[in-house]
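Engineer: Got a structure for you, written out below as C-alpha cells; questions coming shortly.
Read-outs: derived from the displayed coordinates by stated rules, not from any lab. None of these values were measured; they are calculated from a predicted model. No Cβ is skipped: glycine too gets one built from the backbone with ideal geometry, and neighbour counts run over all protein chains shown.
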Amino acid sequence: MGIDPGLRFTGVGIVAEEAGQCRYLRHDIIMLSHRLSPAERLAILLERLSSIISEFSPTLISLEKAFFGKNADSAFKLGLARGVVMAIAGKNNIRVAEYATKAVKKGITGHGSSEKETVALFVQRILRVDLSARFDASDALALALFAAMNCDRENLLASRGIEV
C-alpha cells in the first residue's frame with residue numbers, strides 16, 4: 001500500500017505482489033475540505049485510511065521520505081498527515097518503508113528526475129489502469145509498486161537485522 005499524505009489530498013494506491021507480478025487492486029484520493037480545521041481533517045483522514053486498511057489488510061505501507069523545502073508551513077502540515085499514517089501503521093502492526101522520491105521515480109521510469117506526468121504514465125502502463133485522477137493517486141500507486149518490486153530484497157535484509 002502506497003500513501004501520498006496531505007492535509008487537503010491524500011493519495012492511496014494498493015497493489016498485490018504475487019509470484020513476482022504486481023496486480024492493481026485500488027487507488028483513491030481522500031479529499032479534505034479546506035473549510036475544516038486541521039484537527040477535523042486529520043480525524044477524517046484517520047477514519048478513511050483505517051477503513052481502507054480494514055478492507056485490504058496491507059502488510060506494508062510505503063511513503064516518500066520526508067522532504068523539507070523552503071516552506072516550513074507546508075512541511076509542518078505534511079508532517080501532521082504523515083503522523084496519522086505512522087500512527088495507523090503502528091496501531092495495526094504494519095511495517096512502514098520510506099523511499100526517496102528520486103529512487104521511486106528511477107525505479108518506476110528509469111530516471112530519478114522524471115516529471116509527475118511521466119511517473120503517472122508508467123504506472124498506468126505497468127498496472128494497466130486508467131489514472132485520470134490527481135497525481136496524488138499515481139504517486140501513491142508508484143510508491144506501492146516500488147515497494148512491491150523491492151519487497152524480496154527488503155525482507156532478506158530485515159531477516160539479517162539490516163534496517164532498510
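Engineer: Expressed as a rounded percentage, what relative contact order does the chain have, with Cα pairs under 8 Å and six or more residues apart?
Structural biologist: Averaging sequence separation for qualifying contacts and normalising by length gives 32 percent for the chain.
Engineer: In whole Hz and in residue order, list the ³J(HN,Hα) couplings for segment 89-97 that follow from phi through the Karplus curve 6.51 cos²θ - 1.76 cosθ + 1.60, θ = phi - 60°; x for Gly and Pro.
Structural biologist: Each residue's phi maps through the Karplus curve to give 4, x, 5, 9, 6, 9, 5, 10, 10 Hz.
Engineer: In the chain, what % of DSSP beta bridges are antiparallel (nearest 5)?
Structural biologist: Of all bridge pairs located within the chain, approximately 70 percent are antiparallel.
Engineer: When the dipole is taken about the Cα centre of segment 7-114, and only Lys, Arg (+1) and Asp, Glu (-1) are charged at their Cβ, what size is it in debye, to the nearest 20?
Structural biologist: Using Cβ point charges on Lys, Arg, Asp and Glu, segment 7-114 gives about 340 debye.
Engineer: Kindly count the pairs of lysines across the chain whose alpha carbons are less than 16 Å apart, treating pairs on different chains or eight or more residues apart as eligible.
Structural biologist: Count of close lysine pairs: 7.
Engineer: Mind giving me the FRET efficiency for Ala19 and Asn71? R0 is 30 Å, r the Cβ-Cβ distance, nearest 0.05 is fine.
Structural biologist: 0.10
Engineer: What 222 nm value per residue comes from the helices of the chain, counting each DSSP H run with n ≥ 4 as -39,500 (n - 2.57) and dividing by all residues, nearest 500 deg cm²/dmol?
Structural biologist: -17500 deg cm²/dmol
Engineer: While we're looking at this one, here's another question. Subtract the Cα-Cα distance of Lys116 and Leu36 from 0.36 nm times their separation in residues, and report this length gain in nm to one decimal.
Structural biologist: Fully extending the segment from Lys116 to Leu36 adds 26.0 nm.
Engineer: Another one. In terms of modelled amide H atoms, which long-range or inter-chain residues lie less than 5 Å from the amide H of Glu64?
Structural biologist: Tyr99
Engineer: Taking one equal scatterer on every alpha-carbon of the chain, how large is log10 of I(q)/I(0) by Debye at q = 0.11, 0.13, 0.17 1/Å?
Structural biologist: Log-scaled intensity ratios, in q order: -0.42, -0.59, -1.04.
Engineer: Taking the highest mean first, how do the peptides 123-131, 10-18 order by number of other beta carbon atoms within 10 angstrom per residue?
Structural biologist: Averaged packing, sorted descending, gives the order 10-18, 123-131.
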